[in-house]
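Quick notes on the structure that follows.
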Amino acid sequence: MDTALLADVGRWRRHLHAHPELSGEERQTAAFVAARLTELGIAHETGIGGHGVVARLHRPSSNRSVGLRADMDALPITEENETAHRSTAAGVMHACGHDGHTAALLGTAAALLQDKDWTGTIHLIFQPAEENGQGAKAMLKDGLFERYPTERLFAFHNWPGFPPGTVAVHTRPSMAAGGDWTVLLRGVAGHAAMPQLTRDPITAMAHLIVALNSIVPRNVDPLDTVALTTAMVEAGTVSNQTPATARLVGTLRTFDAEVRRAIIARMEEVIEGTAATFGVTAEYQINSTGRVMEDTAEEAALSVAAAEAAGLEVTRDVRPAMGGDDFAFLMEGRAGAYVYIGNGPIGPDGDLHNARYEFNDAILGPAISWLTSVARMALTD
């Protein structure tokens with residue numbers, strides 16, 4: 001790996017870390033990506049599906065094509081690191097390593113320019129809005145693959161807990177189908193010292209949280225995998241009032257569509273029953289906006305071969321994660337694979353979506369090597 005290129009990519013990663021942007025707001029990030037592609041002399045298009053950027057590398061004598069994707073958005077988390085490149089955006093940080101994904105794909109663009117051992121077409125897809133699950137869908141709606149026909153797709157996610165640079169390739173689904181849910185409980189507000197004159201949505205909310213938490217252990221086969229989590233609660237503004245409303249927001253993650261339908265039906269019964277028990281009403285919405293991530297077999301094998309050809313350690317002993325990634329929508333009906341690249345040990349505050357998490361710059365080289373290798377092999381396999 002070219003040491004000068006790695007130094008550049010490291011600087012790019014730290015710049016992106018210092019200037020994070022939320023889903024759908026990646027204007028500066030997209031402009032930075034476009035500027036680097038322009039410096040490299042790579043043709044590209046901006047504004048695809050919002051702030052998406054797609055670059056095209058082409059060499060004649062082959063009609064094969066491959067796509068490499070990186071996500072660009074950050075999270076609404078206040079960074080607690082004290083590095084020189086800590087976030088300069090209040091309440092926003094790259095707590096999932098998308099800064100590293102974007103920088104690695106830019107480095108891959110530069111590496112592929114230097115690599116003469118391929119022909120065909122390589123599309124570099126810089127995707128916005130992964131964290132809210134809307135970016136891939138928006139790019140597809142904007143005609144991504146009509147404009148950039150692609151046979152195979154590959155992506156990676158940095159993964160804490162695996163040795164740095166280790167490429168983990170799944171033998172089963174890697175990520176779950178997700179979707180958020182919201183419940184608004186409406187009661188009757190009144191003085192907190194006169195509870196008999198109110199209909200208390202907070203008490204109903206407390207019982208509903210417990211009841212929802214009982215659904216999975218008492219309604220799902222232990223051999224199936226489901227995550228049903230209440231992630232946010234909102235109620236009240238003052239200590240001496242029973243409020244009129246209480247709101248819960250959470251997520252539901254599943255691998256099996258039939259199990260998901262059964263869980264949603266049970267959630268609806270529990271929500272309506274709890275509301276009736278406490279004399280409040282419930283307005284709710286349970287969304288199924290995600291898609292299970294599952295590699296196609298040939299592309300999973302190709303990912304392993306590409307890692308080995310690049311001199312990287314490979315593991316196939318990988319458990320699925322209940323997290324999601326909308327790269328699954330880009331893969332729908334297409335061949336592809338989504339791998340983890342080890343980010344190193346998990347520190348006391350060092351897991352994904354933590355205020356102290358950070359992409360490990362030491363894995364930029366392995367990530368670029370794998371992306372370059374898998375692109376080259378996908379065009380010749």
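Side notes on the structure shown:
- Going by accessible surface with a 1.4 Å probe and the largest first, Val167, Val210 read Val210, Val167.
- Rounded tilt (10° steps) of 297-309 against the dominant C-alpha axis of the chain: 60 degrees
- For the stretch 1-33, the residues whose amide N sits under 12 Å from a probe point set 7 Å from the Cα of Thr83 along the beta carbon direction are 10-19.
- Expected 222 nm ellipticity per residue - DSSP helices of 4 or more, -39500 (n - 2.57), all of the chain, to 500: -11000 deg cm²/dmol
- Of the trypsin sites (Lys or Arg not before Pro) in the stretch 64-99, not one is in a loop by DSSP (not H, G, I, E or B) with at most 10 other beta carbons within 10 Å.
- With q set to 0.13, 0.14, 0.33 Å⁻¹, the log10 of I(q)/I(0) for the stretch 37-79, from the Debye formula over equal scatterers at the Cα positions, is -0.44, -0.50, -1.23.
- Approximating the spin labels as points 7 Å out from Cα along Cα→Cβ, the Ala305-to-Val238 distance works out to 7.1 nm.
- Heavy-atom accessible surface of the stretch 117-255: percent carbon and sulfur, 1.4 Å: 54 percent
- Loop sites by DSSP among the GluC sites (Glu not before Pro) of the chain, restricted to those with at most 14 other Cβ atoms within 10 angstrom, leave 83-331 as the longest stretch without any of them.
- Using the Cβ-Cβ distance between Asp115 and Thr289 with R0 set to 56 Å, the FRET efficiency from 1/(1 + (r/R0)^6) comes to roughly 0.90.
- Taking amide hydrogens as placed 1.01 Å from N in the peptide plane, the amide H of Gly24 sits under 5 Å from those of Ala129, each at least 5 positions away in sequence or on another chain.
- Accessible surface computed residue by residue for the stretch 336-381, with neighbouring protein chains in place and a 1.4 Å probe, gives 32 Å² per residue.
- Of the chymotrypsin sites (Phe, Trp or Tyr not before Pro) found in the stretch 222-317, not one falls in a DSSP loop while having at most 16 other beta-carbon atoms within 10 Å.
- Residue-level accessible surface for Ile77, protein heavy atoms, 1.4 Å, Å²: 40 Å²
- Dimensions of the chain from C-alpha coordinates, computed as largest minus smallest value along each principal axis and given longest first, are 79, 44, 39 Å.
- Computed over protein heavy atoms with a 1.4 Å probe, the accessible surface of the stretch 1-106 works out to 40 Å² per residue.
- The Cβ shell under 10 Å around Arg376 holds other residues with a net charge of -3, Lys and Arg each +1, Asp and Glu each -1.
- Paramagnetic label zone (point 7 Å from Cα along Cα-to-C-beta, Lys137; backbone N under 11 Å) in the stretch 269-296: 287-291
- Stokes-Einstein D in µm²/s, Kirkwood radius over Cα pairs - the stretch 275-362 at 10 °C with 1.306 mPa s viscosity: 94 µm²/s
- Within the accessible area of the stretch 277-354, the carbon and sulfur atoms contribute 46%, probe 1.4 Å, all protein chains present.
- For the stretch 323-340, the Karplus equation 6.51 cos²θ - 1.76 cosθ + 1.60, evaluated at θ = phi - 60°, returns couplings of x, x, 8, 6, 4, 4, 6, 5, 7, 4, x, 10, 7, x, 8, 10, 10, 9 Hz by residue, with Gly and Pro reported as x.
- Across every direction, the projection of the convex hull enclosing the Cα atoms of the stretch 148-286 has a mean area of 13.1 nm².
- ³J(HN,Hα), Karplus 6.51/-1.76/1.60, whole Hz, each residue of the stretch 252-259, x for Gly, Pro: 10, 10, 9, 9, 10, 5, 5, 4
- Protection proxy ranking of 112-119, 171-178 - average other beta-carbon atoms within 10 Å, highest first: 171-178, 112-119
- DSSP beta bridges fully contained in the chain are about 60 percent antiparallel.
- Nearest-0.05 FRET efficiency for Arg64 and His353, computed from C-beta distance (R0 41 Å): 0.65
The values are calculated or read from the model by the stated rules, or taken from the named source; none is laboratory data. These numbers come from a predicted model, not from an experiment. Reconstructed Cβ throughout: ideal geometry from the backbone, glycine too, with neighbour counts over all protein chains shown. SASA here: full protein model, heavy atoms, side chains in, ligands and nucleic acids out. Shrake-Rupley method; radii C 1.70, N 1.55, O 1.52, S 1.80 Å.
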